[in-house]
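Only one structure is covered here, and it is reproduced in the block below.
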Amino acid sequence: MATLTRSGIGRGVPYEPPPELAALSLGQLAEQVAARKLPPIDQWSPQDVGDSEMRIAADGRWYHQGGEIRRPAMVRAFSSLLVRDDSGQHWLVTPFQKLSIEVEDAAFIATDMQATVDAQGRAVLAFRLNSDDLVICGPDHPLRVTGTHDVPAFYLSVRHGTEARLNRSTYGQLIEHALAIGGSELAVESQGARFVLVPA
């Protein structure tokens with residue numbers, strides 16, 4: 001982590017928590033998503049490969065060499081550098097380094113959900129992550145369900161192969177929304193895409 005910090009990542013990062021998700025209109029949600037300026041990871045090809053000695057626990061907390069990283073701004077900065085490759089390995093990527101990071105479950109935790117509609121009357125589901133990112137579910141950010149019928153696990157695609165696991169209260173919101181919709185099976189729609197909420 002020290003090398004990443006020397007490169008300027010995670011140091012002096014301005015940070016202001018966004019407003020409550022329930023208070024945002026669809027237009028404001030879109031503005032919040034657009035305002036999140038992410039580094040162009042897909043344009044970088046670092047040659048220096050190593051180990052970050054960092055870990056993301058199943059509850060979403062970040063650790064470096066066994067000590068928890070408690071600064072939200074630093075976690076938010078590091079989370080913007082995350083990618084997951086086809087083998088499932090997570091990496092922190094900068095223009096000069098590609099450092100492995102251990103992820104116990106998912107890189108992010110979805111902590112809140114809002115259901116709204118767009119100008120065409122289509123359902124839209126927006127999720128807040130523990131990094132304070134906002135992700136609008138849809139074809140580019142699909143939901144998937146694993147586990148069993150008794151103990152399901154819900155995941156939302158975030159970016160660069162990474163995912164967010166919905167925490168208990170958030171998947172409770174999702175299930176309540178699906179039940180309110182009704183229908184022959186437990187499912188939701190967002191941005192024209194349909195997602196069945198039962199493990200295959």
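The values are calculated or read from the model by the stated rules, or taken from the named source; none is laboratory data. The model shown is predicted, which means the values in this text are computed figures rather than measured ones. For neighbour counting, all protein chains shown are included, and Cβ atoms are generated from backbone atoms with ideal geometry for every residue, glycine included.
From the list His141, His160, which one is under 19 Å from Ser79 (Cα atoms) and free of Cβ contacts under 8 Å to residues at least 40 places away in the same chain?
Step by step, each of His141, His160 is checked, and only His141 is under 19 Å from Ser79 (Cα atoms) and free of Cβ contacts under 8 Å to residues at least 40 places away in the same chain.
Residue by residue, here is whether (1) at pLDDT 95 or above; (2) farther than 30 Å from Pro46 by Cβ; (3) in contact with a Cys (Cβ under 8 Å, 6 or more places away or on another chain) holds:
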{"residue": "Thr94", "(1), (2), (3)": "no, no, no"}
{"residue": "Ala119", "(1), (2), (3)": "no, yes, no"}
{"residue": "Asp132", "(1), (2), (3)": "no, no, no"}
{"residue": "Asp140", "(1), (2), (3)": "yes, no, no"}
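Tell me which residues, restricted to the range 82-109, are part of a strand (DSSP E or B) and of a type in the set (Phe, Trp, Tyr).
Selection gives Trp91, Phe108.
Working only within the range 156-200, note down all residues that are acidic (Asp, Glu) and surrounded by 13 or more Cβ atoms within 10 Å (Cβ to Cβ).
The answer is Glu163, Glu189.
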